[in-house]
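Let me begin by presenting the structure, written as structure tokens, before commenting on it.
The values are calculated or read from the model by the stated rules, or taken from the named source; none is laboratory data. Here the structure is a predicted model, which means the values were calculated and not measured. Cβ: placed from backbone, ideal geometry, glycine included. Neighbour counts: every protein chain shown. Just the protein is used for accessible areas: all its heavy atoms, side chains included, with ligands, DNA and RNA removed. Shrake-Rupley method; radii C 1.70, N 1.55, O 1.52, S 1.80 Å.
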Amino acid sequence: MAIKKNKYPLLPLRDIVVYPKMIVPLFFCRHKSINALQKVVDGDQNIVLVTQKDPTIEDPNSDDIFHVGTLGTVLQLLKLPDGTVKALIEGVERVKLDKIISGEDMIEVEITVNPDKPEDNPELEGIVRAVLSQFEEYVKLSKKLPPEVLVSVNQITDYTKLADTIASHLSLKINDKQALLEGKSLSERFELLLGFMDAEITMLEVENRIRNR
């Protein structure tokens, strides 16, 4: 779907950060979110996904959400009998929120799209190889990810998609997930991935040693 303008309905999310090229099923019960989804489907347009800093806040305002998010496309919308709406959404591009317009029916935002720029960094390829090696170790130690994940990840040639795909598979705190979304360059995001995975691998090794005892 083409990106047609710079003003979009907003979906505040709890406990999840959605990355570009990521397809996720999400459930919504807040009336502003349902109204936003319906407007998007009726008008054949995009929607902006941002994560709440505190998931317990029911009606978040500008201070309660992160200001870097993901422009998304609604692939499927299903209204459930209990009034909840299930949406299948695909991330498209990183975006920065420039202006937040809160209304009675929904929240809308004006945004700037932030695509990755080509990097002249001779060390980038080496960093990517190190990240792939670390991710392989992470998958082996983690009980949550199937080995097939490694096959699909190793087939990705686009570095932006690769960084986001690996980030989406890691069990990190929301602030760390958000840091990976906000990274201003590919190099910065891959360096963050290395640091986060190193800490996670150390923790998993300790857990496995305790379990083996």
Query raised in the report: LEU88 versus (1) at pLDDT 95 or above; (2) over 18 Å from MET22 (Cα atoms); (3) open to solvent by 30 Å² or more (accessible area, probe 1.4 Å): which is the lone unmet condition?
Result: (2)
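So which residues in the range 97-117 are part of a strand (DSSP E or B) and surrounded by 14 or more Cβ atoms within 10 Å (Cβ to Cβ), if there are any at all?
LEU97, ILE100, SER102, ILE107, GLU108, VAL109, GLU110, ILE111
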Requested in this report: Return a yes/no flag: does the range 52-59 have any residue that is farther than 18 Å from ILE174 by Cβ, under 18 Å from the mean Cα position of the chain (by Cα) and in a loop (DSSP other than H, G, I, E, B).
Outcome: no
Requested in this report: Could you list, in sequence order, all residues of the range 37-79 that are without any contact (Cβ under 8 Å) to a residue 40 or more places away in the chain, open to solvent by 40 Å² or more (accessible area, probe 1.4 Å), of a type in the set (A, V, I, L, M) and touching a strand residue (DSSP E or B) at 6+ places or on another chain (Cβ under 6 Å)?
Outcome: VAL41, LEU78
Query - Residue list for the range 157-180, filter: in contact with a Pro (Cβ under 9 Å, 6 or more places away or on another chain) and open to solvent by 30 Å² or more (accessible area, probe 1.4 Å) - result: THR160, LYS161, ILE174
Query raised in the report: In the range 181-192, how many are free of Cβ contacts under 8 Å to residues at least 40 places away in the same chain and either in a helix (DSSP H, G or I) or open to solvent by less than 10 Å² (accessible area, probe 1.4 Å) (or both)?
Result: 4
Query raised in the report: Restricting the range 1-36 to residues that are touching a Pro at 6+ places or on another chain (Cβ under 7 Å) and within 22 Å of HIS169 (Cβ to Cβ), which is surrounded by the fewest Cβ atoms within 10 Å (Cβ to Cβ)?
Result: ASP15
Query raised in the report: Do you know which of the residues in the range 134-179 that are small (Gly, Ala, Ser) and assigned to a helix (DSSP H, G or I) is farthest from PHE66 (Cα to Cα)?
Result: SER152
